[in-house]
1. Sort B:Met57, B:Met108, A:Met231, B:Met177 by heavy-atom solvent-accessible area, probe 1.4 angstrom, most to least.
2. Report, to two decimal places, the Cα Rg of chain B normalised by 2.2 N^0.38 Å (N = number of residues).
3. Say we join alpha carbon atoms closer than 10 Å with springs in a Gaussian network model of chain B; which of B:Phe40, B:Phe157, B:Phe115 then has the biggest fluctuation?
4. Evaluate E = 1/(1 + (r/R0)^6) for B:Val20 and B:Asn44, where r is the Cβ-Cβ distance and R0 equals 41 Å; express this FRET efficiency to the nearest 0.05.
5. Rolling a 1.4 angstrom probe over the protein chains, ignoring ligands and nucleic acids, what is the accessible area of A:Lys265 in square angstrom, nearest 10?
6. Relative to 2.2 N^0.38 Å, what does the C-alpha radius of gyration of the protein assembly as shown come to as a ratio? Two decimals please.
7. Taking Cα centroids, how far is the range A:143-212 from the range A:217-276 in Å?
8. For chain A, compute the orientation-averaged projected area of the C-alpha convex hull (one quarter of its surface), in nm².
Amino acid sequence: MGATSDAETICPTGKTISSEPQGPLPATAAKISVRHLNFFYSRRQVLYDIGLDIPEKKITALIGPSGCGKSTFLRTLNRMFETVPYTRVEGEVKLDGEDIFGMSVVDLRRRVGMVFQKSNPFPKSIFDNVAFGARVNGLKNRDKLREVVETSLRRAALWDEVKDSLRKSAYSLSGGQQQRLCIARALAVDPEVILLDEPCSALDPIATAKIEDLLFDLVGSCTIIIVTHNMQQAARVADQTGFFLLGRLIEFDKTEVMFKNPSRKETEDYISGRFG
Amino acid sequence: MNFRRLTALLASILGGILVVIVTFLAVYAWPAVRFNRLHFLTQNNWNLGNLYADPIMVRGQQVLPAAHYGILFLIAGTLLSTLVAIVLAVPIGVGAAVFLAEALPPVMRAWVSLFVELLAAIPSVVYGLWGYAVVIPFLGHHLFPWMVEHFGFIPFFGGHAGSGYGLLTCGLVLTLMIVPLITATVRDALVTQPAALREGAVALGASRFETLWSVLLPGVRRVLTGASILATGRALGETMAVLMISGNALNYLPNNIYSPISTMASFIVSQLDSALEDPTGMAVRSLAEVALVLCLISIAVNGIARVLLLYQDRQLTRAV
């Protein structure tokens, strides 16, 4: 190894790494396709030349050690990074072939919903939490709102638990329920893609299992991208998995292949627990 | 004595002081309460009586002939000037807080906030003098006549524009005095709202305004109510500034928003000298009764605000 450039020293195996091949769009329609994505926090680069295609109506998991850029990557997909000052993006991200940096951010975030690591219900009633997104998008009709709220809560598998207490504060719910409420809230605007940023990291195994079941129900109607620290979770729920390391996408493949027969040494090391 | 007992003692001393003060006032004012009866609160007539005549006995109390005390005009002046101040100060204070917390870059926020807070540190007599020297000439000669001309059709906005001393002037200066209180408190509450709430709203496609209006502000409602209670207390009890700009109306109710008024607190100061002339002491005891009423009104306003807060809580934000 010796004295080498940044790109080489940051790779633990010592060899220069690059992402997946970044050819033209594949024939099968990808929901989201990313090409040559670089991301900077002021001068510090945190994502290097990311390229991948997220297939439609599948669950995609992103794994990797802390600080590897997977959450940052997720936040570029709905342009949430723009709320942080001094951030900069280079490269292409397309949603259904349309450049996300060219569309209105409100439109993008309606189509690409997000659920956060820590549940963040608003200081409002359960009903108003779910109705928030719909109201922001201009839905005023009370009957329609009620319908949207019920549908969303049903889709988030929370309806039976809260149907008699819709007027209660969202803070009266348990942690797992709050997270499902946040999922219902994201679902209320009927997004095409849902980004989940470690949604279960603060939940116990039972609440986690409920959310994982929920993902299987949802994937019939939308595309799901989940960032997780929990490799068993990725193995359980994801159709394909991407492994991030130090700002690079090391490997992206079908989940079985990733976990049983990874083609990169770094992936194997991480999955087998040799580091990370 | 262990720490727990010590703190318990301190806390009960603080709580006890309120009881002691109100009790003292009530005992001291008791002869006046007996003499004035209920028309103290319902009539507009503060009259020490004939200071040169011999005292007479009325309802078991020694008083001067023709002495009569009714302070409805004081109650009206106090409540109306406070009302004007709160109605103006809450939106201005919240607006300023939003600007400081949301629009300003953090570096400037500290500086501008410092100046806003310094406003609260200015002694009220300075506000009074400034009001007297600067605000009153401007209001009396320019703004009020202009308002009468253009907004005179609104009830209480028309009529005689007055000299600049009066209800609206008091309201405006009181507003300046209480805005910093509201701004500082609400700004702190906004800045400490969890970032996750903001992110959650933004991720749903909410604009900055929608995030602020329907997520962040509801979260600081409690704090705003609390700050408004404090501000109301300050406005109700403000003495020096009001004394210098209210016009010190005696024995009549304001007929429009420009009318001269008196408030209970400033009236006590302005009338104490002449009340001491009364050899029977009834005038001073009646001033004590004014103080008692002011105290009770402050406590009542506080109580009502707390009940409202409780009601709000039950409606919604009951935390875990």
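The values are calculated or read from the model by the stated rules, or taken from the named source; none is laboratory data. Just so we're clear, the structure is a prediction, and the values are computed from it rather than from any experiment. Positions of Cβ are generated from backbone atoms using ideal geometry, with glycine treated the same way; all protein chains shown enter the neighbour counts. Quick note on the areas: whole protein, heavy atoms, side chains included, nothing else; ligands and nucleic acids left out. Shrake-Rupley method; radii C 1.70, N 1.55, O 1.52, S 1.80 Å.
1. The ranking, largest first, comes out as B:Met57, B:Met108, A:Met231, B:Met177.
2. On the way: Rg = 23.3 Å, N = 320, 2.2 N^0.38 = 19.7 Å.
My calculation over the Cα atoms of chain B gives 1.18.
3. Looking only at B:Phe40, B:Phe157, B:Phe115, the biggest GNM fluctuation is shown by B:Phe115.
4. 0.80
5. 110 Å²
6. On the way: Rg = 33.8 Å, N = 596, 2.2 N^0.38 = 24.9 Å.
My calculation over the Cα atoms of the protein assembly as shown gives 1.35.
7. Cα centres, the range A:143-212 to the range A:217-276: 25 Å.
8. Projected over every direction and averaged, the Cα hull of chain A covers 15.3 nm².
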